[in-house]
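Heads up: the structure comes next, in structure tokens.
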Amino acid sequence: MSYDKYVSPLSERYASKEMQYIFSPDKKFKTWRKLWIALAETEKELGLLDENGNPKITDEQIAELKANAEDINYEVAVEREKLVRHDVMSHVYAYGVQCPKAKGIIHLGATSCYVGDNTDVIIMTEGLKLVKQKLVCAIDELAKFADEYKDMPTLAFTHFQPAQPTTVGKRATLWCQEFLMDLEELDFVLSTMKLLGSKGTTGTQASFMELFNGDEDKVKKLDQMIAEKMGFEKCFPVSGQTYSRKLDTRVLNVLASIASSAHKFSNDIRLLQHLKEIEEPFEKNQIGSSAMAYKRNPMRSERIASLSRYVMSDVTNAYFTSACQWFERTLDDSANKRLSIPEGFLATDGILDLVLNVVDGLVVYDKVITKRLMSELPFMATENIMMDAVKAGGDRQELHEKIRELSMEAGKTVKVEGKDNNLLELIAADPAFPLTLDELKASMDPKKYVGCSSHQVDKFLAEVVKPILDANKEDLGLTAEINV
């Protein structure tokens, strides 16, 4: 590690090696060479001829290109770029140095965006596939957690105020469902990824029409054949010099959506850790505070929230860039894309690794959960208590007023005097309620108040989650490594 210059924390601290390589210079420049090979092969297969009517491209030239596809002479490209100030032409030159026989047919008919934009689409697609793999694994881990704790009653909150009970597992399905919505969106975006193809300087394919002597059928086939060689079904049907930057908004938007779901999940874990009900993993030698040795800060969840805010704000870059493109192309997208696209992916990758790590190691404190629920349950059970009293001959309206008054008195005992909730004792002592304290306590079974929570979890996991996990089983089994 270098300590005398800025290094992105996304690569040093947060993103995985796999995602870092996808957006590395080596991956980019090797993809350029694969695209140059695909172009040359396709031009040869379509019968490109020279001015004498002979094949313009030979098998020998293509073999030479393939032999040097992985062994990039970076030092030659770097020195050339200092001279010509053009990255694509520097790499065309460097490839030609290694391939003297094929030198004259490298990049034939193409403009810089042929390698630049097509590579961007290829790399973003690979990045989305890695994101999908981690997202599917996060869904799988949340599903396991939901199933394990589907029957454990817990206090639910609205406005972060005590509400009706739910179960720990049911709450986890809410997190899981949002990630499933992200997966739907991600699958859609992946299904729409298209290459730019070989469109030429302004998208008219004029240079290729010249090469193929006006044979438009061959020019059309050129796009489709290159796409198939690079693993894509289609190219954009029309373009300027670049693919529409609207595509980048779609890509960053789905990353921001995942970040939003992760942020909500991390917020809930942070609040639950404050309540001492559920904690994220805390390692044996981990330090929570430099001053307060007893602290167990939810640092992983806080980091999820922190990175998520970055990704959610990063999407605005793509929208501004898309909006600011002039006619067939302008270059004010380039510097922004070099930052916003890779960093959006690296940050999302780090977020999902953290989510996987947190879910896999969640610690549930069932006694704390039960204690808090039982301290609030008498308030929540008043409707049932009132109905039991009505069945015994009481007046519903009068009983409702009594319950209200006694609840206010019990609330004062808890909040003003700092004592335990005594609502049951107050009700048992009131002659309007023909119920003993033992009978009232017997009605305080939390499972009576969680509704269909457990069955909702079963149904959700069986009918929604399982088919998706079955369809994506090749992505399961990934574990996350946290650097710091």
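Computed values, structure above
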| read-out | value |
| --- | --- |
| Whichever residue in the stretch 309-327 is touching a Lys or Arg at 6+ places or on another chain (Cβ under 9 Å) and of a type in the set (S, T, N, Q) and, among such residues, is nearest to A259 (Cα to Cα) | N317 |
| Candidates L426, L461 - the one that is over 27 Å from N357 (Cβ atoms) and either more than 23 Å from the chain's Cα centre (by Cα) or not aromatic (F, W, Y) (or both) | L426 |
| Qualifying positions in the stretch 412-421 - surrounded by fewer than 17 Cβ atoms within 10 Å (Cβ to Cβ) and either closer than 18 Å to M444 by Cα or touching a residue at least 40 places away in the same chain (Cβ under 8 Å) (or both) | D420 |
| Selection within the stretch 41-64 - under 22 Å from A94 (Cβ atoms) and under 37 Å from the mean Cα position of the chain (by Cα) | E41 |
| F232 being outside the structural domain of T321 (by TED's automatic domain parsing) and either touching a strand residue (DSSP E or B) at 6+ places or on another chain (Cβ under 8 Å) or more than 30 Å from H107 (Cβ to Cβ) (or both) | yes |
| Single match in G104, G116 (criterion: closer than 30 Å to F212 by Cα, under 26 Å from the mean Cα position of the chain (by Cα) and in a helix (DSSP H, G or I)) | G116 |
| Single residue of the stretch 121-152 satisfying the filter (within 18 Å of D360 (Cα to Cα) and in contact with a Gly (Cβ under 8 Å, 6 or more places away or on another chain)) that is surrounded by the fewest Cβ atoms within 10 Å (Cβ to Cβ) | E148 |
| Yes/no for V121 being over 30 Å from A471 (Cβ atoms) and modelled with pLDDT of 95 or more | no |
| Failed item, numbered, when W32 is tested on (1) out of contact with any Gly (no Cβ under 9 Å at 6 or more places or on another chain); (2) in contact (Cβ under 8 Å) with a residue 40 or more places away in the chain | (1) |
| Unique residue being at negative phi and at pLDDT below 95 when the list is E45, E41, E12, E18 | E12 |
| The stretch 83-101 - residue that is within 39 Å of the chain's Cα centre (by Cα) and not in a helix (DSSP H, G or I) and, of those, nearest to F29 (Cα to Cα) | H86 |
| Residues of the stretch 186-233 that turn out to be farther than 26 Å from K56 by Cα and part of a loop (DSSP other than H, G, I, E, B), as a count | 5 |
| Residue in the stretch 361-376 that is surrounded by the most Cβ atoms within 10 Å (Cβ to Cβ), counting only those that are over 23 Å from K144 (Cβ atoms) and of a type in the set (D, E, K, R) | E376 |
| Condition check for S112: more than 30 Å from L356 (Cβ to Cβ), among the hydroxyl-bearing types (S, T, Y) and either buried (at least 20 other Cβ atoms within 10 Å of the Cβ) or in contact with a helix residue (DSSP H, G or I) (Cβ under 6 Å, 6 or more places away or on another chain) (or both) | yes |
| K34 more than 30 Å from D217 (Cα to Cα) and basic (K, R) | no |
| Helices (runs of 4 or more DSSP H) (entirely within the stretch 316-398) containing at least 1 residues that are modelled with pLDDT of 95 or more | 334-360, 366-380 |
| The stretch 43-98, residues that are of a type in the set (V, I, T) and in contact (Cβ under 8 Å) with a residue 12 or more places away in the chain | I57, T58, I62, I72, V76, V78, V88, V92, V97 |
| Unique residue being in a loop (DSSP other than H, G, I, E, B) and of a type in the set (A, V, I, L, M, F, W, C) when the list is A40, A69 | A69 |
| Number of the exception - K199 against (1) under 30 Å from V219 (Cα atoms); (2) buried (at least 16 other Cβ atoms within 10 Å of the Cβ); (3) under 22 Å from the mean Cα position of the chain (by Cα) | (3) |
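The values are calculated or read from the model by the stated rules, or taken from the named source; none is laboratory data. Since the structure is predicted, the reported quantities are computational estimates derived from the model, not experimental observations. Using ideal geometry, Cβ is built from the backbone for each residue, glycine included, and neighbour counts are taken over all protein chains shown.
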